[in-house]
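The values are calculated or read from the model by the stated rules, or taken from the named source; none is laboratory data. Model, not experiment: these values are computed from the prediction. Neighbour counts are summed over all protein chains in view; Cβ atoms, including those assigned to glycine, are modelled from backbone coordinates with ideal geometry. The protein model used for the area step is the full one, side chains on, heavy atoms only, and it has no ligands, DNA or RNA in it. Shrake-Rupley method; radii C 1.70, N 1.55, O 1.52, S 1.80 Å.
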Amino acid sequence: MRHKFSDPRRRAAVIGVLAIFFQLVSCGGGSSSTPVPETPPVIQPTVTGPAWWGFGRDAQHSAVGAIATQPLTRLIWQMAVDLAPQYSGTALFIHYGSPVITQKNTVIVPVKTTASGNFRIEARNGTNGATLWTAASDYVLPTQQSWAPSYNLTLTSSNRLYAAGAGGKLLYRDDADSVNAALQTAFFYGADAYNASRSVYDQNVIINTPLTADSAGNIYFGFIVNAANPANLVSGIARVGTDGRGTWVGAASAAGDAMIQKVATNSAPALSLDGRTVYVAVNTPETPIWSSGYLLALDSTTLATRSKVRLTDPNTNIAAWINDNGTASPMVGPDGDVYFGVLESNPPSHNFTGWMLHYDASLSQVKTPGAFGWDDTASVVPRAMVPGYSGNSSYLLLSKYNNYGGVGTGDGKNRIAILDPNQTQINANTGVPVMKEVLTMLGPTADPGYPGGVMEWCINTAAVDPLTKSVLVNSEDGYLYRWELSVNQFTERIRLNSGTAQSYTPTAIGADGAVYSINNAVLFAVGR
């Protein structure tokens, strides 16, 4: 997310300096996409390994893998995830959904097919990229902010694949690996209601978050309602059970605040470790370039509100900015603590980096925040991955740690960090106690747009590999890196392309240990 305030095209793109930020804060620096050749179909070899179920891998969004990743030796295969990417100059302001990967190594990816955002779903052989099956989706994106929202899939533990469809419906296949499985539908407000007024729902009810599946196969998501409808739906949170039955609650009702409009766009619900609580972020309308909100803890069966907390800037003690251009989602740690990234209340007071807010499982105890939260979902790092760590925490966190050059006091020294969630240090910019830095790594490539700075990290929910004691991270320089924590070095890198100004993207791990990364509207499979 480079800040080029001297660029008149970007300066005029949005009202005011705050809105300009969302046109500028994007990864990388400049090439258009190139055609990606299709791989001829071949017979899929037998692979059995750990699945990657969805955003952040699991229902807690921990992003912790369960198989050793392959060396970053070569690009095994690649595919376009956007057939009509819409560039603004050299920038690509769109969030792309994470691939999901079955135990048999079928890689399933949402593909944008037109400029306006039509989609299809493609299943590929993880070994060689051959197409196994495709399915059309009638999903319609929500009204866009500066950046187009993401379209995400999810897998259940029984290998059922879910995707969002038009009208707030779910599309699903009972066997994600099968080339013959039928595409079916489920409705959180009932199939009869939908069929009686299909056009009303298709035009006015839109799923606006990634889907999250719990261990039993129940699905959770946020949705937006733009107009009156026969079912009296209002924007809120929905649950669809394995039997197809739905439950929903309005976001304002769940928060107990009439000013709340909806679940924050792009923010995936997260489940507690016991599956009894679902955490969701809700926000007010943008007015026009700021909104506040809550983190809610809901009963995962009834969606009744158990607790809530106002999302507050730890520096000013007033409401933080919950922005729909980001993709921050709640993450639940191994001890049940909950983390959620926000922007500061009065940017650029914290250099537009925001905060990683931190709560206990009940949301009643506010704990030490992290010093970066904007558009980031923290990943869990088992403490054994850092042999030199001598603190008392049972796990650590991986966070993006950029310090945007030319914004506030930002120096352009963009880093990634391993943080101790329970130990503190003083934040140099504000004097607020923040999570202690255990390790940090400066970006390796000089930023030609900001003398003295380095190109930043364009990651969200970065994949963690405990077996090789490493994490897999994207940089705006167009490379995928392995940060090996046991030696605190980048031990491998591979060039994906020349880099493009774009959104933060997730990394993922295949059932055979291949690493997946999206850069410039292309998904890359990397390995031996």
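Out of the residues in segment 196-219 meeting the condition of being crowded, with 17+ Cβ neighbours inside 10 Å and among the hydrophobic types (A, V, I, L, M, F, W, C), tell me which one is farthest from the chain's Cα centre (by Cα). First the steps, then the outcome.
Initially, segment 196-219 is screened for residues crowded, with 17+ Cβ neighbours inside 10 Å, giving 200-202, 204-214, 217-219.
Then keep just the ones that are among the hydrophobic types (A, V, I, L, M, F, W, C); that gives 200, 205-207, 211, 213, 219.
Working: Val200: 30, Val205: 22, Ile206: 18, Ile207: 15, Leu211: 11, Ala213: 15, Ile219: 17 Å.
Within segment 196-219, the match that is farthest from the chain's Cα centre (by Cα) is Val200.
Report whether or not Ser393 is closer than 21 Å to Ala462 by Cβ, small (Gly, Ala, Ser) and in a strand (DSSP E or B). Reasoning before the result, please.
On the way: closer than 21 Å to Ala462 by Cβ: yes; small (Gly, Ala, Ser): yes; in a strand (DSSP E or B): no.
It is false that Ser393 is closer than 21 Å to Ala462 by Cβ, small (Gly, Ala, Ser) and in a strand (DSSP E or B).
So in segment 319-333, with the set limited to residues that are free of Cβ contacts under 8 Å to residues at least 40 places away in the same chain and not in a loop (DSSP other than H, G, I, E, B), which one is most open to solvent (accessible area, probe 1.4 Å)? So that I can check it myself, show each step before the final result.
Residues of segment 319-333 that are free of Cβ contacts under 8 Å to residues at least 40 places away in the same chain, as a first pass: 319-321.
Remaining after also requiring not in a loop (DSSP other than H, G, I, E, B): 319, 321.
Numbers: Ala319: 23, Trp321: 3 Å².
Looking at residues that are free of Cβ contacts under 8 Å to residues at least 40 places away in the same chain and not in a loop (DSSP other than H, G, I, E, B), I get Ala319.
Give segment 81-101 a look and list any residue that's outside any loop (DSSP other than H, G, I, E, B), open to solvent by less than 10 Å² (accessible area, probe 1.4 Å) and of a type in the set (Gly, Ala, Ser), or say none.
Matches in segment 81-101: Ala91 only.
Looking only at segment 152-159, decide whether some residue is within 21 Å of Asn325 (Cα to Cα) and either in contact (Cβ under 8 Å) with a residue 24 or more places away in the chain or open to solvent by 50 Å² or more (accessible area, probe 1.4 Å) (or both).
Yes - at least one qualifying residue is present in segment 152-159.
Of the residues that make up segment 46-66, is at least one surrounded by 12 or more Cβ atoms within 10 Å (Cβ to Cβ), of a type outside the set (Phe, Trp, Tyr) and at pLDDT below 95? Spell out how you get there, then give the answer.
Restricting attention to segment 46-66, the residues satisfying the condition of being surrounded by 12 or more Cβ atoms within 10 Å (Cβ to Cβ) are 47, 49-66.
Still in the running and of a type outside the set (Phe, Trp, Tyr): 47, 49-51, 54, 56-66.
In the following step, the residues that additionally are at pLDDT below 95 were identified as 47.
Yes, segment 46-66 contains at least one residue that is surrounded by 12 or more Cβ atoms within 10 Å (Cβ to Cβ), of a type outside the set (Phe, Trp, Tyr) and at pLDDT below 95.
Show me the strands (runs of 3 or more DSSP E) found entirely inside segment 397-476 where at least 3 residues are of a type outside the set (Gly, Ala, Ser) and touching a residue at least 60 places away in the same chain (Cβ under 8 Å).
Those strands (runs of 3 or more DSSP E) span 415-426, 433-442, 470-474.
Here is a list of conditions, (1) open to solvent by 70 Å² or more (accessible area, probe 1.4 Å); (2) part of a strand (DSSP E or B), and Pro230 meets all of them except one; can you say which number that is?
(2)
Condition test on Ala193, is it buried (at least 16 other Cβ atoms within 10 Å of the Cβ) and in a loop (DSSP other than H, G, I, E, B)?
On the way: buried (at least 16 other Cβ atoms within 10 Å of the Cβ): yes; in a loop (DSSP other than H, G, I, E, B): no.
No, not satisfied.
Any residue at all in segment 426-436 that's closer than 29 Å to Ser307 by Cα and among the small types (Gly, Ala, Ser)?
no
Mind listing whichever residues of segment 385-415 are touching a strand residue (DSSP E or B) at 6+ places or on another chain (Cβ under 9 Å), surrounded by fewer than 20 Cβ atoms within 10 Å (Cβ to Cβ) and under 15 Å from Asn429 (Cα atoms)?
Lys413
Any residue in segment 311-318 that is crowded, with 21+ Cβ neighbours inside 10 Å, among the aliphatic types (A, V, I, L, M) and not in a loop (DSSP other than H, G, I, E, B)?
no
Within segment 359-384, work out how many residues are over 17 Å from the mean Cα position of the chain (by Cα), open to solvent by less than 50 Å² (accessible area, probe 1.4 Å) and free of Cβ contacts under 8 Å to residues at least 60 places away in the same chain.
1
Which ones in segment 102-134 are crowded, with 17+ Cβ neighbours inside 10 Å and of a type in the set (D, E, K, R)?
Lys104, Lys112, Glu122, Arg124
Please go through segment 477-492 and pick out each residue that is part of a strand (DSSP E or B) and without any contact (Cβ under 8 Å) to a residue 12 or more places away in the chain. Full working, then the answer.
Going residue by residue through segment 477-492, those that are part of a strand (DSSP E or B) are 479-484, 489-492.
Hit for segment 477-492 is Gln489, nothing else.
Being of a type in the set (A, V, I, L, M), assigned to a strand (DSSP E or B) and open to solvent by less than 10 Å² (accessible area, probe 1.4 Å) is true for just one of Leu303, Leu296. Which residue is that?
Going through Leu303, Leu296 in turn, the sole match is Leu296.
Anything in segment 476-520 that is of a type in the set (S, T, N, Q) and at pLDDT below 90? List them, or say none.
Asn497, Ser498, Thr500, Gln502, Ser503, Thr505, Asn519, Asn520
Residue by residue through segment 160-190, note down the ones that are buried (at least 22 other Cβ atoms within 10 Å of the Cβ) and part of a strand (DSSP E or B).
Across segment 160-190, the qualifying residues are Leu161, Tyr162, Ala163, Ala164, Lys169, Leu170, Tyr172, Arg173, Phe187.
Pick from Ala521, Ala446, Ala508: which is more than 28 Å from Tyr395 (Cα to Cα) and in contact with a Pro (Cβ under 6 Å, 6 or more places away or on another chain)? Give the derivation first.
Numbers: Ala446 fails: in contact with a Pro (Cβ under 6 Å, 6 or more places away or on another chain); Ala508 fails: more than 28 Å from Tyr395 (Cα to Cα).
The conditions single out Ala521.
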